[in-house]
Amino acid sequence: MCRFHASVFIKPAYQHNANTSPASALCGTSALPQRLHPPSVHREHSWVAKAHWFTMDTATHAIVGLIVGECAPKDVKHRRKIGLGFGMLPDLTNIIFVHPYLGWVAERTIPFAVPRDFLTHPEVLEHWTYHSWLLTHSLLFWALVFLPWWRRSKGHKVAALAYAAHLVADLPSHSGIYGLEPLYPIRFVFSGWFDAWLWPPAPIIASIVVALLSYVAVRRLRQRMLWPSEREGLIVEAE
């Protein structure tokens, strides 16, 4: 069955091949399902070829979550730990299920996949392990799991926002057949701008450094930018 494939703010994924028509790119003409068309050609539109500076890995996600926690009111207990933990949480299925399974398929000595294994084994896209990752990166999943707890406490709000920050950051950083399905289990592929998961160590390290510097800047700003509850506490202390 043909699946709807969206590419936003970049050329659609099928445009990397001048001989490929939109119809064949969207629905596929080969024996493989549309989602299984190898993405190696599409990498010409990724950072590997264009050298974008922005990257998104699990460590960067954690620091972004930490920033969310830092922005929360100071009366939220363990706000930084909550932000950091929930900022990484969507990738837990990737670490526990997807990479070990794909590493086994790729016959690696240590059954843990490396990025190029996704290029050589696109059939992983139809395996339940990959679908578990799609589920934890779904905005529908986020809404069903987090929104019912939104009013319970400020800590729940921090957790929900840190988790959502991860999903939003991943949208532009996964393209082509490895784009996110933000409405999963509704089969709609969002093709982003680049493929951060294919990047070499240098930009990953740069990403972590930029995220850490951003956290330091936000933490300094928080010394001057206070929530109303924090201002009230200062007034009480002054009295």
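State yes or no: is residue 168 more than 14 Å from the chain's Cα centre (by Cα) and at pLDDT 95 or above? Spell out the reasoning first.
Details: more than 14 Å from the chain's Cα centre (by Cα): no; at pLDDT 95 or above: yes.
No.
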### Message
Conditions first: (1) hydroxyl-bearing (Ser, Thr, Tyr); (2) in contact with a Phe, Trp or Tyr (Cβ under 7 Å, 6 or more places away or on another chain); (3) surrounded by fewer than 19 Cβ atoms within 10 Å (Cβ to Cβ). Residue 138 passes all but one, so which condition is the exception?
### Response
(3)
### Task
Within the range 164-174, identify whether any single residue is of a type outside the set (S, T, N, Q), touching a His at 6+ places or on another chain (Cβ under 7 Å) and farther than 17 Å from residue 70 by Cβ, and answer yes or no.
yes
### Message
I need a count of the residues in the range 148-195 that are within 30 Å of residue 123 (Cβ to Cβ) and either in contact (Cβ under 8 Å) with a residue 12 or more places away in the chain or in contact with a strand residue (DSSP E or B) (Cβ under 9 Å, 6 or more places away or on another chain) (or both).
### Response
30
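The values are calculated or read from the model by the stated rules, or taken from the named source; none is laboratory data. What you are looking at is a predicted structure, and each value in this text was computed from that prediction instead of being measured. Note that we place each Cβ from the backbone using ideal geometry, even for glycine, and neighbour counts take in every protein chain shown.
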